[in-house]
Amino acid sequence: MHHVIDYIGSIVLALAATSFILLTSLGGTTYKWDSAPIWILGVAGVVLVGVFVLVERRAVEPVLPLHLFSLRAFWVTSVVGFIVGFAMFGAITYLPAFFQVVRGISPTLSGLQLLPLMAGLLVVSIGSGQIISKTGKYRFWPSPVPRS
């Protein structure tokens, strides 16, 4: 079977992600939040997301098939994954700086302070993946809120 790689979709998605990453990295540090470069990056990111949706609608084999968003399991896990990833990478980025600046410990020790977090992530990720593979039940991870 011959596959068609969606190069245009991949490039547009990479440019959109780059715009948002630069916006959040440079905003408030290198540039003020209300400066022209930050506004340009924000508008570019939003426009590129729109272009990405248009490109994906016409692609033979899209990078991200848009019909997946009609599936509740897909969009709920996407939202939860975004929130968890945001918190996790925020903590992984912030905690070493906090340990070094506030607690005054060395960079090596601040990295070692993250070992329990990394070990926990590793064990829970592997463990839940193994359980899901054996049982075929994924709704338990994370456990749904009981309805009354």
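Run the accessible area of segment 1-102 with a 1.4 Å probe and give the carbon-and-sulfur part as a rounded percent.
C and S atoms contribute 77 percent here.
Figure the gain on full extension for SER133 and TRP39 (residue separation times 0.36 nm, minus the Cα-Cα span) and round it to one decimal in nm.
Here the answer is 29.3 nm.
What is the distance in Å between the Cα centres of segment 11-71 and segment 81-102?
Result: 23 Å between the Cα centres.
Per residue, how much accessible surface does the chain expose to a 1.4 Å probe? Answer in Å², no decimals.
That works out to 77 Å² per residue.
Exposed loop trypsin sites (Lys or Arg not before Pro) only (DSSP loop, at most 13 other Cβ atoms within 10 Å): please give the longest stretch of the chain free of them, not including the sites.
Within the chain, the longest run free of exposed trypsin sites (Lys or Arg not before Pro) spans 33-102.
The values are calculated or read from the model by the stated rules, or taken from the named source; none is laboratory data. Quick caveat: nothing in here was measured; it's all calculated off a predicted structure. Glycine gets a Cβ as well: all are built from the backbone with ideal geometry, and neighbour counts include every protein chain shown. These area figures cover heavy atoms from the full protein model, side chains too; ligands, DNA and RNA do not enter into them. Shrake-Rupley method; radii C 1.70, N 1.55, O 1.52, S 1.80 Å.
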